[in-house]
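**Student:** Just passing along the structure, written as structure tokens.
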Amino acid sequence: MALEQPKQSDFGELALPIAFQLARQLKKSPKAIAEELAGEIGAIEGVASLHAAGNGYLNVRLDRSIYAHGILNSVQSAADVTAGKTIVEHTNINPNKAAHIGHLRNAILGDTFVRMLRIAGNQVEVQNYIDNTGVQVADVVVGFHYLEKKSPNEVQALIDAGKFDYFCWDLYASMSSYYKENPDSLAWRSETLHAIEAGTGVQAELAHLVADAVVQAHIATMLRLNVVYDVLPRESEILHLQFWATAFEQLKERKAIYFETEGKNKGCWVMPGSAFSDFKEDEDSKVIVRSNGIVTYVGKDIAYQLWKFGLLGKDFYYQRFPHPGGYELWVTTDQPGKQADEPSPAFGNGSRVYNVIDSRQSYLQDVVVAGLKALGYEKQAAASVHFSYEMVALTPGTCIELGIALSEEDKRRAYVEVSGRKGLGVKADDLIDTLIAKAAEEVESRHPEAEAAVNKRVADEIAIGALRFFMLKFTRNSVIAFDLREALSFEGETGPYVQYAAVRAENIWRKLAERGQRMPDFVNELDAAAMGRQLADEGCWQLLLQASHTDVSIARAIASGEPAHVAKYAFQLAQAFNTFYHEYPVLAEENQEKKVFLLWMTQYFRQQLERTLGVLGIAVPEYM
């Protein structure tokens, strides 16, 4: 039975539509059923009253004293937990150049969804798939090998010099232009792809150097955003450990794919368009293996998805991945001898899989699901979720602040799309650095007396909070036009606004300590009767209700797959606390019972703000 909230607070706290559900069965009006239920149901602990309302709702008024006293004495309990392990794959940046602003939305969405699942008690494994054998890596290798004429040792020297991902950014853009001007050079790409997939020769060595170094840079970038992973499955191992070969044989055996002997796909292994649920008569078949023998990445994705569910009968070998973050991170390897001395955690074998991939890849995700269905894995196909999202653009003003030259026409647009392939994208680290610099200006102007290191840490936390909140406050199917000034504002629906509320709550406790006053023993000083007396104040009661909806908000966000709902709740919670802060001068209160109660409310607000911000991956700064 669904629970609803009455439109007006004086109707109670809950509205039950049960009478509408019983009306047809009992052949009575919902209103009559609701009135009968209200009269017949006896006393319920925690419920002050039941009454019929409207055309048939059964409205519930909670016993305020019991409700509040229950919160005071409660221990956080897990919500409904999904059985088995949930796998969330996110970030998935091609390891050929620096991360850009679009990648940030993927990582922040994925990381926040992981945090939501974990706080609800679910077992979650975070995977970041590394496509280290694809076209993008091959193009950078082509640039180094054929254009730059650099040996592996010379490339290693570039890596050691730092900012290697930035160097590759420019080289990749140069290579894209070179292909256009010299179409014959595309043969270099094909040759390099074959060498990388085979894992032999100079090109394969260069690919290994490039991919590992760029992944190191990506891990460092994401760590700045409080994003971490459990394991990095690499595409090279999917090939070398025969994951794809095994999946290929299964697909052929089940006739999920066929060998095309004519037409534009002659010589290819393809999946028929009829395999897809939204099949149209003119639907093209999807190429899984090209006529030159190269597997398309959707083919490798099918093998990878089978492994995620433990359906492949194979596993990777694992070794620790060295990185500056300090947390435990594993990467796949194809050589048993490279495994760490200690056993790795058991990866894969999920019961539900979320793939955080942008909406432009919807068709390819459909192909993966169609592959599972064609193999008879209906349950796993249904448990494969494409956690899609739309692109990130920039407002014209932000483009100008980031030094991107715009035409007059672009300056008049609502947002400007950027292109990494053309070298016109915004590097993630550059955006983060700009946000931190602007936050630092504000923090230093407000706290010139503070230590420089502390101001720097506060500025970092405000900037990251601003960025994460901005990326999360829009629903996933919304195009984001990122705006620097809006994101960093201390007013409105922003990360800094929510952080400021949490800091304000903490400041009340700091001022209490400065006055030499102790923190009350709330459990012993506030009984149910005292709670009831204080919550006779309707405004205070409504504020407590708002603060107590954190777990419900997270549960609803999980059910809908929308982290934006948690961001919206965080903003509403901050608004509620700011109302409380202005209407109830806690430290100036002279009535002892009321002061203790208000201090408890302050503590509860602070805890709920910190919990909600924690789910969003946002820290609470020392000051603002």
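**Student:** If only one of 341, 315, 366, 334 is without any contact (Cβ under 8 Å) to a residue 24 or more places away in the chain and surrounded by fewer than 19 Cβ atoms within 10 Å (Cβ to Cβ), which one is it? Show your work before the answer.
**Tutor:** On the way: 315 fails: without any contact (Cβ under 8 Å) to a residue 24 or more places away in the chain; 366 fails: without any contact (Cβ under 8 Å) to a residue 24 or more places away in the chain; 334 fails: without any contact (Cβ under 8 Å) to a residue 24 or more places away in the chain.
Criteria check complete, one pass: 341.
**Student:** Can you tell me which condition residue 609 does not meet? The list is (1) hydrophobic (A, V, I, L, M, F, W, C); (2) closer than 21 Å to residue 225 by Cβ; (3) out of contact with any Leu (no Cβ under 9 Å at 6 or more places or on another chain), and all the others hold.
**Tutor:** Residue 609 satisfies every listed condition except (3).
**Student:** Also: From 533, 518, 510, 504, grab the single residue that is modelled with pLDDT of 95 or more, surrounded by fewer than 18 Cβ atoms within 10 Å (Cβ to Cβ), of a type outside the set (Gly, Ala, Ser) and not assigned by TED's automatic domain parsing to the domain that holds residue 460. Steps first, please.
**Tutor:** On the way: 518 fails: modelled with pLDDT of 95 or more; 510 fails: modelled with pLDDT of 95 or more; 504 fails: surrounded by fewer than 18 Cβ atoms within 10 Å (Cβ to Cβ).
Exactly one residue qualifies, and that residue is 533.
**Student:** Also, quick follow-up: Among (1) closer than 23 Å to residue 167 by Cα; (2) surrounded by 24 or more Cβ atoms within 10 Å (Cβ to Cβ), which single condition is residue 108 missing?
**Tutor:** (1)
**Student:** For the stretch 541-553, name all the residues that are surrounded by 14 or more Cβ atoms within 10 Å (Cβ to Cβ) and within 17 Å of residue 607 (Cα to Cα). Full working, then the answer.
**Tutor:** First, the residues of the stretch 541-553 that are surrounded by 14 or more Cβ atoms within 10 Å (Cβ to Cβ): 541-551, 553.
Correct list: 543, 544, 545, 546, 547, 548, 549, 550, 551, 553.
Residues are listed down the side, and each one gets a yes or a no for (1) within 36 Å of the chain's Cα centre (by Cα); (2) surrounded by fewer than 18 Cβ atoms within 10 Å (Cβ to Cβ); (3) charged (D, E, K, R); (4) more than 29 Å from residue 293 (Cα to Cα):
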| position | (1), (2), (3), (4) |
| --- | --- |
| 143 | yes, no, no, no |
| 162 | yes, yes, no, yes |
| 165 | yes, no, yes, yes |
| 173 | yes, no, no, no |
| 179 | yes, yes, no, no |
| 188 | no, no, no, no |
| 191 | no, yes, yes, no |
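**Student:** So which residues in the stretch 295-311 are part of a loop (DSSP other than H, G, I, E, B) and modelled with pLDDT of 95 or more? Step through it out loud before you land on a result.
**Tutor:** Initially, the stretch 295-311 is screened for residues part of a loop (DSSP other than H, G, I, E, B), giving 296, 309-311.
Scanning the stretch 295-311 gives 309, 310, 311.
**Student:** Kindly indicate the residue of the stretch 1-44 that is exposed (fewer than 11 other Cβ atoms within 10 Å of the Cβ) and among the hydrophobic types (A, V, I, L, M, F, W, C) and also farthest from the chain's Cα centre (by Cα) among those meeting that condition.
**Tutor:** Result: 43.
**Student:** Grab the strands (runs of 3 or more DSSP E) fully contained in the stretch 334-446, keeping just those with 2 or more residues being of a type in the set (Val, Ile, Thr) and under 30 Å from residue 269 (Cα atoms). Walk me through how you get there before you give the answer.
**Tutor:** Details: elements: 352-356, 384-387, 392-394.
Because the criterion is at least 2 residues that are of a type in the set (Val, Ile, Thr) and under 30 Å from residue 269 (Cα atoms), the strands (runs of 3 or more DSSP E) in the stretch 334-446 that meet it are 352-356.
**Student:** Shifting gears a bit: So if I check each of 249, 191, 154, 197, which one is in a helix (DSSP H, G or I), closer than 25 Å to residue 370 by Cα and either among the charged types (D, E, K, R) or not assigned by TED's automatic domain parsing to the domain that holds residue 315 (or both)? Walk me through how you get there before you give the answer.
**Tutor:** Working: 191 fails: closer than 25 Å to residue 370 by Cα; 154 fails: closer than 25 Å to residue 370 by Cα; 197 fails: closer than 25 Å to residue 370 by Cα.
So the residue among 249, 191, 154, 197 that is in a helix (DSSP H, G or I), closer than 25 Å to residue 370 by Cα and either among the charged types (D, E, K, R) or not assigned by TED's automatic domain parsing to the domain that holds residue 315 (or both) is 249.
**Student:** If you don't mind, another one. Can you say whether residue 579 is in contact (Cβ under 8 Å) with a residue 24 or more places away in the chain, surrounded by 20 or more Cβ atoms within 10 Å (Cβ to Cβ) and within 21 Å of residue 68 (Cβ to Cβ), as far as the supplied structure shows? Please lay out each step first, then the result.
**Tutor:** Values: in contact (Cβ under 8 Å) with a residue 24 or more places away in the chain: yes; surrounded by 20 or more Cβ atoms within 10 Å (Cβ to Cβ): no; within 21 Å of residue 68 (Cβ to Cβ): yes.
No.
**Student:** I've got another one for you. Let me confirm something: among 593, 610, 622, which residue is modelled with pLDDT of 95 or more and not in a helix (DSSP H, G or I)?
**Tutor:** Working: 593 fails: not in a helix (DSSP H, G or I); 610 fails: not in a helix (DSSP H, G or I).
Just a single option satisfies the conditions, and that option is 622.
The values are calculated or read from the model by the stated rules, or taken from the named source; none is laboratory data. What you see is a predicted model, and the numbers here were worked out from it, not measured in a lab. Neighbour counts are summed over all protein chains in view; Cβ atoms, including those assigned to glycine, are modelled from backbone coordinates with ideal geometry.
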